[in-house]
2 protein chains.
Amino acid sequence: MELDFKKLDGLVPAVVQDARTGEVLMLGFMNAEAYATTQSSGEVTFFSRSRNKLWRKGEQSGHVLRVQEIRVDCDVDALLILVEAVGPGVCHEGYRSCFFRQVSQAGDATIIAERTFDPNTVYGKDARG
Amino acid sequence: MELDFKKLDGLVPAVVQDARTGEVLMLGFMNAEAYATTQSSGEVTFFSRSRNKLWRKGEQSGHVLRVQEIRVDCDVDALLILVEAVGPGVCHEGYRSCFFRQVSQAGDATIIAERTFDPNTVYGKDARG
């Protein structure tokens, strides 16, 4: 199975879902190297577009994502990764999931989750995974 | 709340999750117009990168995705859309979810779902949503 990295300039989106609860935790991007590293290490590793380098999720916080299962979509251009999420949450803002806000039809965002940890304690000021 | 369309040349990825079962059904992309149409119509509408135009999911098959809730991530550059999925499946290959294959650590893909409909009957030869 060859992933199609061409549609997105060398990247594929990877959806991370909690294998136990089904909660969608975050979405990141992988290049071929990040995907290979995720497969070989068993820990989710993205390509950080902002820092232009590999980013092992949890490298700073310890909140790593252990791969339970990887699924690929029909067009081989997107991944769904079922994980065991170590720690209280994946979001650098202190939530279990990065999708902690609901958007109304009018476009207003409302926080719908409780903070599960203090991001300043975990990340300091330079928060990123 | 303003979505950040800049990181991906005018698009944001949108993860579609079944609101009832929690199953991740597919991932698509929205430009600003597709997002606005999704919000105003209540039916998930993507921007088709291959056809370079808006694509109301289900326009051909009738398998539309009714929006139950929209969530946005911390960086406002990804969406999670909880839906009621009308019909037996979203995938043009005949499965409930587009993520119907599991990838082994060696990179081999194995089908892990049952077909829920015959894609040739629903789509004919020119299959696409």
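The values are calculated or read from the model by the stated rules, or taken from the named source; none is laboratory data. None of the values given here were measured: they were computed from a predicted structure. Positions of Cβ are backbone-derived with ideal geometry, glycine not excepted, and every protein chain shown enters the neighbour counts. Note: accessible area is taken over every heavy atom of the protein model, side chains too, but ligands, DNA and RNA are not part of it. Shrake-Rupley method; radii C 1.70, N 1.55, O 1.52, S 1.80 Å.
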**Request:** Report, to the nearest 10°, how far helix B:32-41 tilts away from the longest principal axis of the Cα atoms in chain B, using its own Cα long axis and a range of 0 to 90°.
**Result:** 80
**Asked** Rounded to a whole number, what % of the accessible area of chain A do carbon and sulfur atoms account for, probe 1.4 Å?
**Response** 44
**Message:** Give the average, rounded to an integer, of partner chain Cβ atoms located within 10 angstrom of each Cβ in A:67-79.
**Reply:** 6
**Message:** Could you work out how much longer the chain between A:Asn120 and A:Arg49 gets when fully extended? Use 0.36 nm per residue separation minus the Cα distance between them, nm to one decimal.
**Reply:** 23.3 nm
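Return the ratio Rg/(2.2 N^0.38 Å) for region A:65-129, where Rg is computed over Cα atoms only. Show your work: numbers first, answer last.
Working: Rg = 14.9 Å, N = 65, 2.2 N^0.38 = 10.7 Å.
Ratio of Cα Rg to 2.2 N^0.38 Å: 1.39.
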**Request:** Could you tell me which trypsin sites (Lys or Arg not before Pro) in region B:42-129 are loop residues by DSSP with no more than 13 other beta carbons within 10 angstrom of their beta carbon?
**Result:** B:Arg51, B:Lys125, B:Arg128
**Asked** Do any GluC sites (Glu not before Pro) in region A:42-101 lie in a loop, going by DSSP, with at most 15 other beta-carbon atoms within 10 Å of their beta carbon, and if so which?
**Response** A:Glu59
**Complete:** When the charge dipole of the protein assembly as shown is computed with +1 at the Cβ of Lys and Arg and -1 at the Cβ of Asp and Glu, the Cα pointing farthest to the positive end, of B:Val67, B:Val24, A:Asn31, is that of A:Asn31
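For chain B, what does the helix formula give at 222 nm: sum of -39500 (n - 2.57) over DSSP H segments with n ≥ 4, over the residue count, nearest 500 deg cm²/dmol?
Numbers: 2 runs with 15 residues, N = 129.
My calculation for chain B gives -3000 deg cm²/dmol from helical runs alone.
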**Charge dipole (debye, nearest 20) of chain A; +1 at Cβ of Lys and Arg, -1 at Cβ of Asp and Glu** = 360
**Request:** Please get the size of the charge dipole for the protein assembly as shown, origin at its Cα centre, with Cβ charges of +1 on Lys and Arg and -1 on Asp and Glu, quoted in debye to the nearest 20.
**Result:** 240
**Prompt:** Once the principal axes of the Cα atoms of region A:1-83 are found, what is the range along each, listed largest first in whole angstroms?
**Reply:** 31, 28, 21
**Rule-of-thumb Rg ratio for the protein assembly as shown [Cα; 2.2 N^0.38 Å; N residues]** = 0.96
